[in-house]
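Read through the structure below, which is laid out as structure tokens, and then see the notes.
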Amino acid sequence: MGNDGMNRRDFLITCAAATAGFTTQSMAGALTPSSQPTGSTDSMAIVNPELRPALQRVSQFLSGLTYNDVSLPAIRRLMGTTSPAPLDSPLVTEHLIPRANGQPDVRVYVTGNSVGSSKPALLHIHGGGFVVFRAKDSLRAIQDMAVRHDCVAMTVDYRLAPETRFPGALEDIYTTLRWVYDHAKDLGVDTRRIAVKGESAGAGHAAALAIAVRNRKEFSLCLQVLEYPMLDDRTGSMKHLPKQFGRYIWNTEANRYGWTSLLGVPAGSSKVPENAVPARVKDLTGLASAFIGVGSIDLFAPEDIEYAQRMMMAGNAVELIVVPGAYHGFDVLAPDTSVSRQFTAAWNEAIRRAFTEA
């Protein structure tokens, strides 16, 4: 993903190397021994050859991560040790959006804005399994998008689970969208051309935002860009997949923890909060057009393909790309490969078309 992809790739590799320097106490509960790394040579046959070297560099570390309430603080500290610094230009500014009824302010980072302009806008939502990372990790990404698409790009620092359950993060994101509409003139935004983009859990939030926009009928979106979106809490709990799905990077155990943290009830429960899980929403009519992209061995591949099909059957415009032999986050770990460049070009082209045709 442009410069951000390179930095995030280096960041994850740095995390892998850094584990040797962490004490047992600092990482207690976060790492578990693995008798055979999931990225070992014997298990690489299903992986696109271009994507194997990057996976081999990080898979032993990432496959050993165990997500739970005890390990989460250490994982957050580890993931926060290195964050790509923004470029000098375009300028990124920080804004706090006030809210009533005792709700905390929402922090959003904005770049590409210009009073008096009429630019399209891109609202970015970062990933992290609903439980890790911050908007600051994506400043380089929004700078790249602002330049590439001559748009106002922003990323929202939504509250993380499990400290904040659904709908806290969704309301943070929806509040940001309202703020963009309310301050469109000051930001230089053309409200007919606002898109939302997310990766992984951030793409799950983006899908939930598109549903909320449809339901509340206050605003509109011209596009939702969903990169390997996290859409279904039942994956790995009620729904058990063949072993090639989720073998690398993000597995069923991590998925159950992320969803349970967000929902406040065990992932796969018979009842979950309404509209919290996009894949469980029965009516998908009237949603913003979507780009959905995922790797064929990503844990989320089956649910993403099914969601795209359901969206199409409901009459929505959907572009679906499934990358053969690609694992979760492949474009971040291996941005210089041809498959990652093609994938990145595809979602950028979807944004270009949406901004041109809206």
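The condition (being modelled with pLDDT of 95 or more, surrounded by fewer than 20 Cβ atoms within 10 Å (Cβ to Cβ), of a type in the set (D, E, K, R) and under 19 Å from the mean Cα position of the chain (by Cα)) is satisfied by just one residue among ARG178, ARG159: ARG159. One residue stands out among those in the range 72-96 that are modelled with pLDDT of 90 or more, over 21 Å from ALA146 (Cα atoms) and not basic (Lys, Arg): the one that is surrounded by the fewest Cβ atoms within 10 Å (Cβ to Cβ), which is PRO73.
Name the single residue, out of those in the range 313-338 being hydroxyl-bearing (Ser, Thr, Tyr) and surrounded by fewer than 23 Cβ atoms within 10 Å (Cβ to Cβ), that is nearest to GLY129 (Cα to Cα). Once the filter is applied, the top-ranked residue is THR337.
Residue by residue, here is whether (1) within 19 Å of VAL213 (Cα to Cα); (2) assigned to a helix (DSSP H, G or I); (3) touching a residue at least 24 places away in the same chain (Cβ under 8 Å) holds:
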| residue | (1), (2), (3) |
| --- | --- |
| ASP283 | yes, no, yes |
| LEU287 | yes, no, yes |
| ILE297 | no, no, yes |
| ASP304 | no, yes, yes |
| GLN309 | no, yes, no |
| ASP331 | no, yes, yes |
| PRO335 | no, no, yes |
| GLN342 | no, yes, no |
| ALA346 | no, yes, yes |
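Applying the condition of being of a type in the set (D, E, K, R) and surrounded by fewer than 23 Cβ atoms within 10 Å (Cβ to Cβ) to the range 302-312 and asking which residue is nearest to the chain's Cα centre (by Cα) yields GLU306. Considering ALA210, ALA169, ALA146, the condition of being more than 26 Å from ASN316 (Cα to Cα) and among the aliphatic types (A, V, I, L, M) is satisfied by ALA146 alone.
All conditions in (1) over 20 Å from GLU50 (Cβ atoms); (2) of a type in the set (D, E, K, R); (3) touching a helix residue (DSSP H, G or I) at 6+ places or on another chain (Cβ under 9 Å); (4) at pLDDT below 95 hold for ARG247, with the sole exception of (1).
Listed by first and then second residue, the pairs with beta-carbon distance under 7 Å, at least 6 apart or on different chains, first residue in the range 117-136 and within 13 Å of HIS149 (Cβ to Cβ) and touching a residue at least 12 places away in the same chain (Cβ under 8 Å), second in a loop (DSSP other than H, G, I, E, B) and hydrophobic (A, V, I, L, M, F, W, C), are LYS119/CYS151; PRO120/CYS151; ALA121/CYS151; LEU122/CYS151.
Residues that are more than 24 Å from ASP105 (Cα to Cα): list the strands (runs of 3 or more DSSP E) wholly contained in the range 150-246 that include at least 1 such residues. Result: 189-199, 223-227. What about ASP283, is it over 30 Å from SER43 (Cα atoms) and not hydrophobic (A, V, I, L, M, F, W, C)? Answer is yes for this residue. Quick check: anything in the range 289-300 crowded, with 19+ Cβ neighbours inside 10 Å, at pLDDT 95 or above, of a type in the set (Ser, Thr, Tyr) and more than 23 Å from GLY129 (Cα to Cα)? Yes, the conditions are met somewhere in the range 289-300. Residues that are among the aliphatic types (A, V, I, L, M) and surrounded by fewer than 18 Cβ atoms within 10 Å (Cβ to Cβ) within the range 339-358 comprise ALA345, ALA346, ALA358, listed in sequence order. Scanning for something out of contact with any Leu (no Cβ under 8 Å at 6 or more places or on another chain), of a type in the set (Val, Ile, Thr) and on the phi < 0 side of the Ramachandran plot, does the range 303-314 turn up at least one residue? Checked the range 303-314: no residue is out of contact with any Leu (no Cβ under 8 Å at 6 or more places or on another chain), of a type in the set (Val, Ile, Thr) and on the phi < 0 side of the Ramachandran plot.
The values are calculated or read from the model by the stated rules, or taken from the named source; none is laboratory data. Computed from a predicted structure; not experimentally measured. A quick note on method: Cβ atoms are made from the backbone with ideal geometry, for glycine too, and the neighbour counts reach across all protein chains shown.
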